[in-house]
């Protein structure tokens, strides 16, 4: 166990020498998230619900603010078990409003509960939420090739299309900007800058079709 811990930290220490997207630099937490999670394809429904929830809370705030509270969110929202969150009532919502470790925005909290209920309905229609959301990109990550941060859009025609469809299905706090951030975070689009070491790593996976099938 100690050896595994050492190797993982050694690998991360080596990665710190790589050139990465500048938006994450200066924060160990941010850099670790960038290096290990951002842009990696997610097909697990629990993880997809986690990021959907976190992105809705991030609306109007910085992602690092949410990231710092992520573990507290996990505890507060039952490890992002959408089946459990969907059953949250006034008692749970009031408790969340008193939780100083999360973002205490009543509209967003109620939206998270509502979205869990809608998430379940989507699963009933499409077998998994993963199947539903990945169909928008044909089941394969979109590959961009931006060189500077100012080239990366905050929303796209596709994120607007997904946003509108989610809204038609009852979801809240899922505007096109929130959804594009969601697409970036869950690997639906590779928006690492071409000079970033993660760009090449993820590009190779996309080209090889190194993606397991969607699952429940």
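Only one residue in 200, 151, 143 is surrounded by fewer than 16 Cβ atoms within 10 Å (Cβ to Cβ) and in contact with a strand residue (DSSP E or B) (Cβ under 6 Å, 6 or more places away or on another chain). Which one? Steps first, answer last, please.
Working: 200 fails: in contact with a strand residue (DSSP E or B) (Cβ under 6 Å, 6 or more places away or on another chain); 151 fails: in contact with a strand residue (DSSP E or B) (Cβ under 6 Å, 6 or more places away or on another chain).
Sole residue among the options that is surrounded by fewer than 16 Cβ atoms within 10 Å (Cβ to Cβ) and in contact with a strand residue (DSSP E or B) (Cβ under 6 Å, 6 or more places away or on another chain): 143.
Which one of these is in contact (Cβ under 8 Å) with a residue 12 or more places away in the chain and buried (at least 19 other Cβ atoms within 10 Å of the Cβ): 35, 44? Quick ask: steps written out before the conclusion?
Values: 44 fails: buried (at least 19 other Cβ atoms within 10 Å of the Cβ).
Unique residue meeting the criteria: 35.
I'd like to check something: does region 127-136 contain any residue that is surrounded by fewer than 14 Cβ atoms within 10 Å (Cβ to Cβ), under 30 Å from residue 193 (Cα atoms), at pLDDT 95 or above and out of contact with any strand residue (DSSP E or B) (no Cβ under 7 Å at 6 or more places or on another chain)?
Looking for residues that are surrounded by fewer than 14 Cβ atoms within 10 Å (Cβ to Cβ), under 30 Å from residue 193 (Cα atoms), at pLDDT 95 or above and out of contact with any strand residue (DSSP E or B) (no Cβ under 7 Å at 6 or more places or on another chain), one finds at least one in region 127-136, hence yes.
Report, by residue number, each residue of region 96-154 that is in contact with a helix residue (DSSP H, G or I) (Cβ under 6 Å, 6 or more places away or on another chain), part of a loop (DSSP other than H, G, I, E, B) and in contact (Cβ under 8 Å) with a residue 24 or more places away in the chain.
99, 101, 102, 103, 128, 141, 154
What are the pairs, 6+ residues apart or on separate chains, where a residue within region 66-80 that is without any contact (Cβ under 8 Å) to a residue 24 or more places away in the chain has its Cβ under 7 Å from a residue that is surrounded by 19 or more Cβ atoms within 10 Å (Cβ to Cβ) and part of a helix (DSSP H, G or I)?
Filtered contacts from region 66-80: 70/54; 78/85.
Select from region 9-21 the residues that are modelled with pLDDT under 95 and either surrounded by 11 or more Cβ atoms within 10 Å (Cβ to Cβ) or not in a helix (DSSP H, G or I) (or both) and list them in ascending order.
Of region 9-21, the ones modelled with pLDDT under 95 are 9-19.
Matches in region 9-21: 11, 12, 15, 16, 17, 18, 19.
Among residues belonging to region 155-195 that are in a loop (DSSP other than H, G, I, E, B) and closer than 20 Å to residue 114 by Cα, point out the one that is nearest to the chain's Cα centre (by Cα). I'd like the intermediate steps shown before the answer.
So in region 155-195, the residues in a loop (DSSP other than H, G, I, E, B) come out as 155-156, 169-175, 186-188, 191-195.
If we keep only those that are closer than 20 Å to residue 114 by Cα too, we end up with 169-175.
Details: 169: 20, 170: 19, 171: 16, 172: 16, 173: 14, 174: 13, 175: 15 Å.
It comes out as 174.
Given (1) free of Cβ contacts under 8 Å to residues at least 60 places away in the same chain; (2) not in a loop (DSSP other than H, G, I, E, B), where does residue 87 come up short, assuming only one miss?
Only one criterion is unmet by residue 87, namely (2).
The values are calculated or read from the model by the stated rules, or taken from the named source; none is laboratory data. Remember, it's a predicted structure, so these values are computed and weren't measured experimentally. Cβ atoms come from the backbone with ideal geometry, glycine included; neighbour counts cover every protein chain shown.
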